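J.: There's a structure below that I have some questions on.
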Amino acid sequence: MLFGTWRLDRTSDGRFVLPSAWHAVTSAGLTITRGFEPCLQLFPLATWQPLAQRVSSLPLTAAAARMLRRLLFSAAAQLVPDAEACVAIPPRLLAYANLAAGAVAVGMVSYVELWSPECLAQGECSS
């Protein structure tokens, strides 16, 4: 399970180190995408695959379903933590969530939200 709040600093090569408490859940790989607010969402593969199937089964004729697909899938990327549990987040996603200096990881049980410290302190940044 993914819970708790963790400050993630960037390594000298720009990667983020995931909390050791999450290694068992994240070591098989993750999918990262934009969040609904200006944050990022990290999904373990076991969570992402059923979610992607449910969203993909929504009717193409529904505008809200198409918008959700665009939000989740257009920016999605696969991440595989290295031996030190570090992940490299694509630059376009770092820019979207304003994570240039660091991030705060918030465990949401089945997924993780990555926020800029400033946005999380405010409750939400405008997108």
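J.: So which residues in region 78-95 are farther than 18 Å from residue 37 by Cα, hydrophobic (A, V, I, L, M, F, W, C) and in contact with a strand residue (DSSP E or B) (Cβ under 9 Å, 6 or more places away or on another chain), if there are any at all?
T.: Once the filter is applied, which keeps residues that are farther than 18 Å from residue 37 by Cα, hydrophobic (A, V, I, L, M, F, W, C) and in contact with a strand residue (DSSP E or B) (Cβ under 9 Å, 6 or more places away or on another chain), region 78-95 yields 79, 80, 85, 86, 87, 88.
J.: When residue 58 is evaluated against the numbered criteria (1) modelled with pLDDT of 95 or more; (2) closer than 25 Å to residue 122 by Cα, which criterion, by number, is the only one it fails?
T.: (2)
J.: List, please: which pairs have Cβ atoms under 8 Å, are six or more places apart or on different chains, and start with a residue in region 1-18 that is within 18 Å of residue 120 (Cβ to Cβ) and end with one that is of a type in the set (Phe, Trp, Tyr) and in a strand (DSSP E or B)?
T.: From region 1-18, the pairs are 8/16; 9/16; 10/16.
J.: Another question about this same structure. Just to be sure I understand the filter: pairs with C-beta atoms under 9 Å, separated by 6 or more residues or on different chains, first member in region 51-62 and within 22 Å of residue 41 (Cβ to Cβ), second member exposed (fewer than 10 other Cβ atoms within 10 Å of the Cβ) and small (Gly, Ala, Ser). Which pairs pass?
T.: Close Cβ pairs (under 9 Å, with a partner that is exposed (fewer than 10 other Cβ atoms within 10 Å of the Cβ) and small (Gly, Ala, Ser)) amount to 58/64.
The values are calculated or read from the model by the stated rules, or taken from the named source; none is laboratory data. What you see is a predicted model, and the numbers here were worked out from it, not measured in a lab. Don't worry about glycine lacking a Cβ; one is built from the backbone with ideal geometry, like all the others, and counts go over all protein chains shown.
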